[in-house]
Amino acid sequence: MLDPYDDRRHLMEILRPPEGYAFDFAVGTTFSLDLLALMTAPVAFTRFEADSNFQKADLLVLMEALRRYAEKICIFCHAGRIKIPNNYDQHFYSLLEGSVFQALPQNESGSFHPKVWALRYRSKNGPTAYRVLCLSRNLTFERSWDTALILDGFLSERKSAIAANNPLGDFIESLPGLVAEKLPEVTQKRIEQMQYEIRRVKFDPPQDFNEVVFHPLGIDTKKTNPISGRIDRLLVITPFLTEGRLDELSSLSSKSILVSRFDSLQKIPAGCLKKFSELFCLKEGAILERDESEDSGESVPYDFGIGLKHNELEQGIIESRLDGLHAKIYIADAGSESRIWTGSANATDAAFSKNIEFMVELRGQKKLCGIDAVLNGGHEADDDKKISLRTLLEPFNILDRPRITENEPLKHLADKTRAMLGAAGLSARVYPEGKCFCISIEGKIISISEEVKVEFRPITLRKAQALPFLTGSRRQPIFKGLSMLEISAFFAFDMTVTSGGMSMSEGFVLKLPLQDAPDRRKCIMEEMLKDKSQVLRLMMLLLSLERMSDPTGTLPGEWSSRDKGNGRMQLFPGMVPIFENMVRTLKNNPQRIDDLNNLIQDLRGNPETRDLLPDGLDEIWMPIWEARKMMGGKTFE
C-alpha cells in the first residue's frame, strides 16, 4: 500500500532501471493524466535522479531527459482525461506530444481505465530485463492510499511463449487499436517488439506468493469475471461502488467485508450494504494526521528553478481531489489458500462489463496473504505500536436512505460533453502568417447542450486568450499571432455547465493531431542555453546522463566556466576534464558521441547560438569525432 505522502518518491524508484541497466522503452496506461507528472518521469531513467537532490533539479537535466527519453515513453490515457496544466507559460510540454495517445474503448459508454506500465531495460552484458507495474494510481499528483505491484523478469531465449503471459501480451498488443490517430511507425514497431518479448519473460511472484495470473478486462468481446471459483470469505477494498456489482460480490460469500470511501458508501441503499458482514471506511485522520509543515500545499512536487509549478491564478477550474482511499483490492480465502486481485477495477458494473481494466491475481497461503494477514498484519511504528490496515479504518454506520450529491446532474452533463468532444475527431493545422503562426481547428459537427459553454486554447496560452468552441460547426475559430513556442498539440477545454439554478466548471485537455507544425525542439534549446557554461553542462549531460554510462562522479551542476585571461574555458580544479569524458564515452557508449556531434552542429549552424560554443572546443573535439567516424559514426543531418 502506498502512503499518499510518499508515493511520488516511490513512483520514481520503481521506474528506475536495475543496477547495470539503462532504460530502453516503456508503455504505460492511465485513466487520467497530469502532463507535469509525465514530464518528470523520464528523469527517473537518468543517474542524476538518484545522485542529486531532485527537488532542486536543474532544468537542463529535465530538458535533456525529455529530449532523450520522451519519445521512448508511450502513454495511453482516456480521451478527455488529461488535466489542464496550471502553468501556461512553460513550453516543455511540446516535447511530450509524441508520448501521449488518447484511447477509447469499443463500448462508447465505457472508460479506458487500466494503470499498467511495462518497461524494457537493456544491459551491455546481461539479458534484456522487463518490469511490469500494476497500479491503482493514475499518472497524476493526487494524494490517496493506493497500491503498486512490481514484477521483474528477464527475457529468455525460448521460441514459444509462456502461456501465463499471453493475456499481458494481448493487452499490450491491443493498445494501438484503441487510438483514433495512427501511431508513429517507430512506436508501433517498439510496441510490437514488446508484446512479443514480454510473452517470453519469466516473472517471479512477489514474496509469500506462488503464482501470478494476468487479467485484462474489456480488450475483446469475451466477458470475463476473474473474481470467481471457491470463495469462503471475501474482502473488497475499493473507492467507488454500484449496487449491482456489490450484490454480485456479496453473493460469493456470506462473510464478505467491504472497505470503501465514506461518501461512496453513503450512496448505496441500506439493503445492499446489509449483505456484507462488516463495513469500513478510512478514519478521518488517516491522511490529516501528517504534519502539515512538511508540505507546501501545492500538488506539484518539484521545482526546476524557473517556477515550473502552479502559477495561473486566474485558473477557474478546480479538479476534484482524490484524497483518501483509491486502492482496488479483492481478497478471497478458500481453505488454506488465498487469492488477491489488485489493479484498476472498482466494484462497479462498468468496471467488469464496459471498461478496459487490468488486474493481476496473486495466489498464496492464507496465513501469509489472506484477509486476516492483510487487515491485521503490518510493522512496528516508532512508538512500538503495531501498524496495520485495520488501524486506519473505522466502522461505517448504514444510513436509512442513500445520500445523492446535488450536482450529480451537472456532472453527468459535463461528462457527456467531454465524451462528445473527445470523440469529435478534432485536428489542428499550423500555417505561417508573417513572422508568426496560426492554428486552425476542424472536426465533426457536434451539438452541445445550450446549458454548456465551452472555450478552448492551446495550453501555452492564458485562459483569457481562449476562444469559444462553436457547436454545430465543422470549423472552429483560428488562433492567430502565435510564436513558435506557443504552438502546441495539447488544447485546454474549459466548460461551464448551468442548470436548475446551479453552475459548475470543469476543464480538460485533448491532444489533437497537429499538421505542418515546425520542429520546436531547437527553439526550446535556444531558450535554455544562455551562456557557454550552460552549453558545457549540456555537453556533459549528453555524455553521462544514462545510468548505464560510466559516470565520472561529477554532476552537471558542478561544472562551471572560469576565464583565466586567455579567453579559454577552464574547469574548476579537481573536476575531470570533458576530454576524458569524451574518450571514456567513445569507448563505452559511442552513440552518445553522435548525439554530441548533432548538438555541436546544431549550435554552430544557428547564428543565435554559434557563439555559445566553448572556446578551444575544436582542439579536443575534432580528434574524438575523427575517431568516431572511423568507427562508423553518423554524420550530421
Given the conditions (1) open to solvent by less than 70 Å² (accessible area, probe 1.4 Å); (2) closer than 23 Å to PHE101 by Cα; (3) more than 21 Å from the chain's Cα centre (by Cα), every one holds for ARG199 apart from (2)
Report whether or not LYS222 is touching a strand residue (DSSP E or B) at 6+ places or on another chain (Cβ under 9 Å), open to solvent by 40 Å² or more (accessible area, probe 1.4 Å) and either part of a loop (DSSP other than H, G, I, E, B) or at pLDDT 95 or above (or both). no
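Let's see how each residue does on (1) open to solvent by 10 Å² or more (accessible area, probe 1.4 Å); (2) closer than 30 Å to GLY364 by Cβ:
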site	(1), (2)
LEU151	no, yes
GLY169	no, yes
VAL179	yes, no
ASP204	yes, yes
ASP208	yes, yes
Yes/no for ILE445 being modelled with pLDDT under 95 and open to solvent by 40 Å² or more (accessible area, probe 1.4 Å): yes
Reported set for the range 428-447 where residues are within 29 Å of LYS411 (Cβ to Cβ) and touching a residue at least 60 places away in the same chain (Cβ under 8 Å) is ALA428, ILE441
All-but-one check, VAL186 against (1) under 21 Å from LEU96 (Cβ atoms); (2) assigned to a loop (DSSP other than H, G, I, E, B); (3) over 18 Å from the mean Cα position of the chain (by Cα), failing number (2)
Apart from one, (1) of a type outside the set (Phe, Trp, Tyr); (2) modelled with pLDDT of 90 or more; (3) open to solvent by less than 30 Å² (accessible area, probe 1.4 Å) all hold for SER388; the odd one out is (2)
LEU393: passes all of (1) touching a strand residue (DSSP E or B) at 6+ places or on another chain (Cβ under 9 Å); (2) surrounded by 15 or more Cβ atoms within 10 Å (Cβ to Cβ); (3) under 30 Å from PHE479 (Cα atoms); (4) of a type outside the set (S, T, N, Q) but (3)
**Request:** Look at ASN138 and say whether it is closer than 30 Å to TYR330 by Cα, within 17 Å of the chain's Cα centre (by Cα), among the polar types (S, T, N, Q) and modelled with pLDDT under 95.
**Result:** yes
Those residues of the range 440-459 which are in contact with a strand residue (DSSP E or B) (Cβ under 8 Å, 6 or more places away or on another chain) and more than 18 Å from LEU426 (Cα to Cα) amount to GLU451, VAL452
Only one of ASP34, ASP24 is at pLDDT 80 or above, under 18 Å from VAL509 (Cβ atoms) and of a type in the set (D, E, K, R), namely ASP34
Exactly one of ASP372, ASP382, ASP400 is farther than 29 Å from TRP117 by Cβ, at pLDDT 85 or above and open to solvent by 50 Å² or more (accessible area, probe 1.4 Å), and that one is ASP372
Tell me whether the range 302-324 contains one or more residues that are at pLDDT 80 or above, surrounded by 13 or more Cβ atoms within 10 Å (Cβ to Cβ) and outside any loop (DSSP other than H, G, I, E, B). no
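The values are calculated or read from the model by the stated rules, or taken from the named source; none is laboratory data. Please read all numbers here as calculations on a predicted model, not as lab measurements. Neighbour counts are summed over all protein chains in view; Cβ atoms, including those assigned to glycine, are modelled from backbone coordinates with ideal geometry. Side chains included, ligands, DNA and RNA excluded: accessible areas come from the protein's heavy atoms. Shrake-Rupley method; radii C 1.70, N 1.55, O 1.52, S 1.80 Å.
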